[in-house]
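Engineer: Submitted below is the structure of interest, expressed as structure tokens.
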Amino acid sequence: MNSQPTEDTEGRTGAAGGLSLDIRNISKSFGRFPALNDVSLQARDKEFLALLGPSGSGKTTLLRVLAGLERPDAGEVRFGGEDFLSIPVRRRRVGMVFQHYALFRHMTVAQNIAFGLTVRPRRERPSKSETADRVADLLKLVQLEDLGGRFPAQLSGGQRQRVALARALAIEPRMLLLDEPFGALDAQVRRDLRRWLRELHDRAGVTTVFVTHDQEEALDLADRVAILKDGRLVQLGAPNEVYEHPADPFVYDFLGAACRLPGTVSDGRLTVADWETRAPKDAPSGAVEVFFRPDEVMFAPLDGSGLAGEVKAVVQRGPDARVECLIEGRLFELQARGPTLPNGVAPGLAVRVKPLRPHVYPKP
Amino acid sequence: MTAAAIPAAPVRARRPWVVHSILPGFGLSLGITLAYLGAIVVLPLIALALRPWELGLSGVWHELASPRVAKAFRLSFGLSALAALVNAPLGLLIAWTLTRYRFVGRRVLDALVDLPFALPTAVAGIALTAIYAPTGPLGRVAAQFGIKTAYSPLGIFIALVFIGLPFVVRALQPVLQDLDAEVEEAATTLGANAFQRAFRVILPALAPALVSGVSLAFARAVGEYGSVVFIAGNLPGKTEIAPLLIVIKLEQYDYAGAAAVGLAMVAVSFGSLVAINALQLRLAKRGRA
């Protein structure tokens, strides 16, 4: 596979390789609706970057700006040191994979994959046999060797998506853009393709930008995750980093189930209802919102500290249990695993529940 | 290995006459379907097919071989085909404009397309004649350039284009509407220029609908009578169309002769529609499983 030179043309060398994609202050409105609002982010060469956000957050718009299918109102995109926005779509050599595949229905799988090669100007166009070889290689890569003669309508959704990917890879793209590529597939196929896509990316060595609204997918797949909300970039970081240190309540909430309670911080101590503990590092003082994950709690800790609650229901599911617990007048659905759920936790029992890693954000 | 382990040669299952469905009422609904189609379509066709032979084989041949009939056939089928083919690019353009762009008056234009459908054909004929007659506004202009519009084959052609247009536009519109913009975007990102997108991506996707629209326009034009007779001038051997010939024969109480011409028209129309359908089937099959 043809890949990008790794040299950093602007001399801003990052720890893990050259800076490849540099998005600066991109804004884009549709009528009066601001889809992107002053978004800046960078990706390293060969990085796998996920754009994560709820629908309407602008992630797809940003991807389409990169592809050249949308022109931003303001801002700049540099890729490999070039002014990317001044290059017309046809010459950007981005491999775009659409959510609904966008295959050419009247062409066979092989013709679909070859399309990007056959539309090249005559002097750059590979010969028929070169094209056929390349298509055969790509069919093998996406594990569809025997299906080159089929039409897209004769394939399953997962197979179509792999054809779309092969078609995008055929032009030896400098950047691979994927718009919710697994959005229309069922859960099992999704998981398989996800793993396979990551392997493919590692082998192909192309900078990849990937749009999804599925946090699990983003955290699982990407080198770094950019979280967008209402057209703004909220947080950018490695999956672990954003999961462990969400920048604000929105990110915390978006990345997983969240329980929230009001509290106060003073002199490095956090007080939530009748429970007092050491405040997390960098916690703001005053009235705060306290967040914790429903599976990061300890029931009836030995030291007797924690939030006073009343168990309303316990639903056992294999090794896990869902414990509905009334705390401070609110009903929380907590998750307990075998070891953290002591015997005897049953409806009607008064317990203490200790959040293991509370996150604290200033009250809005 | 025992004999029992040898698999029996697969018996090719014969396709059954009826695949039984869980839905009741097959007998009744098929009965009504056959009776209705028989009464409405098959019986008249049989009558048409039987009638000419009272002239005898040579009589029918004599009827059809007359230069007047031959000329009318060439005129009817030739101009119908030409009009349908001209409607193909223009209908495509109109359908494209109506589906791809949003502008003030789009709905009005959209409704206008149906007018040739809705207008009584005689009214259309009178209106076209009024415009294209040598004294009419357009006819006068054309006459200055030495072009005769009404009362010439050109006039017939204009009428046939007029009545065929909606078939092409209406056949294309839903397909164009469904045509995913993403497919064109995908082609663009893969490096295709506008020309390649049009001819390698969009047109092939539209081809089945375009062929079916054109064939409908053609079929309609062949049978068109009302709007053509007014503008044609109806000079025997010059601007006389086949349907008119039938009417003339009927007026002369030559029922067998009229039926002979009619039967020949059915044969030619049927043949061309079968050919077009075969082409359409081949085009459509590519896009489906």
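Engineer: Of all the residues that make up the stretch A:48-68, how many are under 21 Å from A:Glu82 (Cβ atoms) and either in contact with a Gly (Cβ under 6 Å, 6 or more places away or on another chain) or within 14 Å of another protein chain (Cβ to nearest Cβ) (or both)?
Structural biologist: 6
Engineer: Could you count how many residues in the stretch B:257-273 are among the β-branched types (Val, Ile, Thr) and surrounded by fewer than 17 Cβ atoms within 10 Å (Cβ to Cβ)?
Structural biologist: 2
Engineer: Going by the structure shown, is A:Lys28 away from chain B (no Cβ under 12 Å), outside any loop (DSSP other than H, G, I, E, B) and surrounded by 16 or more Cβ atoms within 10 Å (Cβ to Cβ)?
Structural biologist: Spelling it out, A:Lys28 is indeed away from chain B (no Cβ under 12 Å), outside any loop (DSSP other than H, G, I, E, B) and surrounded by 16 or more Cβ atoms within 10 Å (Cβ to Cβ).
Engineer: Which of the residues belonging to the stretch B:203-218 are more than 10 Å from every other protein chain (Cβ to nearest Cβ) and without any contact (Cβ under 8 Å) to a residue 60 or more places away in the chain?
Structural biologist: B:Ala209, B:Leu216, listed by residue number.
Engineer: Next question. Is it the case, given these coordinates, that B:Leu235 is surrounded by fewer than 21 Cβ atoms within 10 Å (Cβ to Cβ), of a type in the set (A, V, I, L, M) and part of a loop (DSSP other than H, G, I, E, B)?
Structural biologist: yes
Engineer: With B:Gly136, B:Gly146, B:Gly191, B:Gly164 as the choices, which residue is more than 21 Å from B:Asn87 (Cβ to Cβ) and at pLDDT 90 or above?
Structural biologist: One residue alone meets the criteria, B:Gly191.
Engineer: Of the numbered conditions (1) away from chain B (no Cβ under 12 Å); (2) under 25 Å from A:Pro54 (Cβ atoms), A:Met175 fails exactly one; give the number of that condition.
Structural biologist: So A:Met175 meets the others, but not (1).
Engineer: Of the conditions (1) within 14 Å of chain A (Cβ to nearest Cβ); (2) touching a Lys or Arg at 6+ places or on another chain (Cβ under 9 Å), B:Leu263 satisfies every one except a single condition; which number is it?
Structural biologist: Evaluating B:Leu263 over (1) within 14 Å of chain A (Cβ to nearest Cβ); (2) touching a Lys or Arg at 6+ places or on another chain (Cβ under 9 Å) leaves (1) as the failure.
Residue-by-condition table, conditions (1) surrounded by fewer than 18 Cβ atoms within 10 Å (Cβ to Cβ); (2) more than 8 Å from every other protein chain (Cβ to nearest Cβ); (3) of a type in the set (D, E, K, R):
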site: A:Ala74; (1), (2), (3): yes, yes, no
site: A:Glu82; (1), (2), (3): yes, yes, yes
site: A:Ser86; (1), (2), (3): yes, yes, no
site: A:Arg93; (1), (2), (3): yes, no, yes
site: A:Asn112; (1), (2), (3): no, yes, no
site: A:Gly116; (1), (2), (3): no, no, no
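Engineer: In the stretch A:97-110, which residues are among the aliphatic types (A, V, I, L, M), at the interface with chain B (Cβ under 9 Å from one of its Cβ atoms) and open to solvent by less than 10 Å² (accessible area, probe 1.4 Å)?
Structural biologist: A:Val97, A:Ala102
Engineer: Which one is farthest from B:Ala207 (Cα to Cα) among residues in the stretch B:172-194 that are open to solvent by less than 40 Å² (accessible area, probe 1.4 Å), part of a helix (DSSP H, G or I) and within 11 Å of chain A (Cβ to nearest Cβ)?
Structural biologist: The residue in question is B:Thr189.
Engineer: Given the criteria touching a residue at least 12 places away in the same chain (Cβ under 8 Å), in a helix (DSSP H, G or I) and of a type outside the set (A, V, I, L, M, F, W, C), does B:Glu240 qualify?
Structural biologist: No: the conditions fail for B:Glu240.
Engineer: Just wondering, is there one or more residues in the stretch A:32-39 that are open to solvent by 30 Å² or more (accessible area, probe 1.4 Å), under 22 Å from B:Glu184 (Cβ atoms) and either modelled with pLDDT under 90 or out of contact with any His (no Cβ under 9 Å at 6 or more places or on another chain) (or both)?
Structural biologist: no
Engineer: Another question, then. Quick one: which of B:Ala118, B:Ala65 is more than 26 Å from B:Ser212 (Cα to Cα) and at pLDDT below 90?
Structural biologist: Just a single option satisfies the conditions, and that option is B:Ala65.
The values are calculated or read from the model by the stated rules, or taken from the named source; none is laboratory data. For clarity, every value in this text was computed on a predicted model and none was experimentally measured. With ideal geometry, Cβ positions are generated from the backbone for all residues, glycine too; neighbour counts draw on all protein chains shown. Just the protein is used for accessible areas: all its heavy atoms, side chains included, with ligands, DNA and RNA removed. Shrake-Rupley method; radii C 1.70, N 1.55, O 1.52, S 1.80 Å.
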